[in-house]
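The values are calculated or read from the model by the stated rules, or taken from the named source; none is laboratory data. If you're wondering where the values come from, they're calculated on a predicted model, not measured in any experiment. Note that each Cβ is placed from the backbone with ideal geometry, even for glycine, and that neighbours are counted across all protein chains shown.
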Amino acid sequence: IDGHWYLFDPNYGSRLTGFQYVPGQNKTCYYNQDGQMQYGWQTINGQKYYLNPDTGAVTYGPANINNAWYLFDQKDGHMLTGLQTVNGETHYYNENGTDPNTDSYGQMATGPQVINGKHYRFDNQGNMIVGTYVNNGQLEDYGTDGVQVINQQITDNAGHQLTFDANGNLERPAYIGSDGQIEFNGQWYLMNKNNQIQTGWQTIDDKPGNQYYYDPVSGVMTKGQRQIDGHWYYFNKDTGAKVTNAFQRIVDQNKTCYYDNNGWMVYGQQKIAGQWYLFDQHDGAMLTGFQYIPDQNKTCYYDPATGQMQYGWHQISWHMYYFDPNSGAMSIGTHYIDGRWCNFCPNGAYYGFTERVLDWFYSRINHLTYSMYGSRNGADGTADCSGSMTQALRDAGACPYSYLYNTESLHGYLLENGYQLVNENDASHYVPQWGDVIIWGERGYSAGGAGHTLIISQSQQGSAPAQCVSTCYYTEGQEGTAVQVLPYWYYWHLDDDPYFYVYRLPDQLRA
């Protein structure tokens, strides 16, 4: 009305004044005694408020007004002054003045400030400085509460005596090292012969080749990770020396990185001491396991323990893989290797004889129920250990069987198909290998439930124990649970360390 906004009571139509919430616009505005909406800086009941120049909305929290920061109460919007905490940082809002329109009243302060007779300092973002601060080469201390130490002698947490003069500058301590190093409250600083605190990159004379970095603001020696001029560095957590040409484990981020001759964290593919490694393009973490390299259109495998690219034949989890001896590329499809044609699945798994035996069992997990009195080979959904092994061998390419063998007669079928007996009941000298077929129970005494047979599905890999797969009574005949993958030695001990025979193919990569 005549260029002014008014608010009327929705029930009685009366003109409203004072602070009023406008629900449809989700804002609170202020209407003067004439009912007109107000804008900009306003003094209301002795408090300063800032009302949006366009909408009239009351301002809450931090606000930048004409290139100066102010703080307004989150509940009613009145302007706050003095020391205030915002998002965990302490700021100072000028208490001196009367009108934000004409002076700095309420503005967030930066730089040195005297508040109630005490000296403080605030950085360029208005955050209160605590701890040490380097001012024109002089070390100042603002403690834990932000109050500067002036004209005092203090004792740090290690019992060192330090004196700060009338200007708040640290005097040269009596205990300073010959190389200029000073320890203060567990942090290290460097002072030159002119009593100037050194910052940035420094080389300490009695430690040739060791570079250190001192924080430009606090003067504290850097330890651990730090980004400097666009590069990530790592400084020894004990000595502060820059790490170069070395792998570094960063425990709190659960990653291993490598720092080159400059001390820069590396990314992507890197050849280090003759070995290829791969590091994440974003955080520099050393990558392990299977990794796809898009620009070379290849998948490689990096050893989980060392991070090194692998070549040739490797058994990984339940499968065998082949990696090109030059490029490390994982093989898929058909390849001529070591005088024979080899077939690899789309996932890189070698589909040789042993893989086919294992695949017979894997494909029947959750599908077979244990029984010695049904088909025994899974044809009717039930199977036992020796019937399953006989059928798995036959389906993988073994010669036809005369009948479904038991643990007594299975020995002959294994020998007939090229397996060799490599260990008879000598547990102290047996290391399970991928593809080993094992029969439990001494010959002549293993018929029926007295024997068992299984195949090693995974050799021991690092701390991971060898695994075996078999059709078994481990779950006491629960439906669909006959095929189980179990740690081999655990299973053997669980069965009271039975007498055993280990059969192995001389050529584990038999097609």
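Quick notes on this structure:
- Test for TYR373: is it assigned to a loop (DSSP other than H, G, I, E, B) and surrounded by fewer than 17 Cβ atoms within 10 Å (Cβ to Cβ): yes
Residue-by-condition table, conditions (1) closer than 26 Å to ASN124 by Cα; (2) in contact with a helix residue (DSSP H, G or I) (Cβ under 6 Å, 6 or more places away or on another chain); (3) crowded, with 18+ Cβ neighbours inside 10 Å:
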residue: ILE154; (1), (2), (3): no, no, no
residue: LEU162; (1), (2), (3): no, no, yes
residue: LEU170; (1), (2), (3): yes, no, yes
residue: SER178; (1), (2), (3): no, no, no
residue: GLU183; (1), (2), (3): no, no, no
residue: TRP188; (1), (2), (3): yes, no, yes
residue: MET191; (1), (2), (3): yes, no, yes
residue: ILE197; (1), (2), (3): yes, no, yes
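- The lone criterion from (1) under 20 Å from the mean Cα position of the chain (by Cα); (2) loosely packed, with under 14 Cβ neighbours inside 10 Å; (3) of a type in the set (Val, Ile, Thr) left unmet by THR203 is number (1).
- Within segment 282-309, residues that are free of Cβ contacts under 8 Å to residues at least 24 places away in the same chain have Cβ atoms under 9 Å from residues that are part of a strand (DSSP E or B) and among the small types (Gly, Ala, Ser) in these pairs: ASP303/GLY289, counting only partners at least 6 apart in sequence or on another chain.
- Selection status of VAL86, outside the structural domain of GLU140 (by TED's automatic domain parsing), β-branched (Val, Ile, Thr) and within 30 Å of GLY35 (Cβ to Cβ): no
- Matching residues in segment 475-497 - criterion: being surrounded by fewer than 18 Cβ atoms within 10 Å (Cβ to Cβ) and part of a loop (DSSP other than H, G, I, E, B): THR475, GLU476, GLY477, GLN478, GLU479, GLY480, ASP495, ASP496, ASP497
- Restricted to segment 62-164, the set of strands (runs of 3 or more DSSP E) holding at least 1 residues that are in contact with a Gly (Cβ under 7 Å, 6 or more places away or on another chain) comprises 68-72, 89-93, 118-122, 132-135, 138-141.
- Qualifying residues in segment 255-271 (those that are surrounded by fewer than 16 Cβ atoms within 10 Å (Cβ to Cβ) and free of Cβ contacts under 8 Å to residues at least 24 places away in the same chain) - the one nearest to ASP295 (Cα to Cα): GLY268
- Residues in segment 274-286 that are surrounded by fewer than 17 Cβ atoms within 10 Å (Cβ to Cβ) and either assigned to a loop (DSSP other than H, G, I, E, B) or of a type in the set (Phe, Trp, Tyr) (or both): GLY274, ASP280, GLN281, HIS282, ASP283.
- Among the residues of segment 62-113, those that are among the hydroxyl-bearing types (Ser, Thr, Tyr) and within 22 Å of ASN45 (Cα to Cα) comprise TYR70, THR81, TYR93, THR98, THR102, SER104, TYR105.
- Residue in segment 380-398 that is part of a loop (DSSP other than H, G, I, E, B), modelled with pLDDT of 95 or more and farther than 25 Å from LEU505 by Cα present: yes
- Selection of segment 203-231 for residues being of a type in the set (S, T, N, Q) and at pLDDT 95 or above yields SER218, THR222, GLN225, GLN227.
- Subset of segment 442-458 that is crowded, with 18+ Cβ neighbours inside 10 Å and among the hydroxyl-bearing types (Ser, Thr, Tyr) - its residue that is nearest to GLY352 (Cα to Cα): SER457
- Some residue of segment 6-19 being within 41 Å of the chain's Cα centre (by Cα) and in a strand (DSSP E or B): no
- Breaking point among (1) in contact with a strand residue (DSSP E or B) (Cβ under 8 Å, 6 or more places away or on another chain); (2) closer than 22 Å to GLN107 by Cβ; (3) loosely packed, with under 11 Cβ neighbours inside 10 Å, for ILE44: (3)
- Exclusive hit being modelled with pLDDT of 95 or more and touching a Cys at 6+ places or on another chain (Cβ under 8 Å), set GLN308, GLN291, GLN269, GLN296: GLN291
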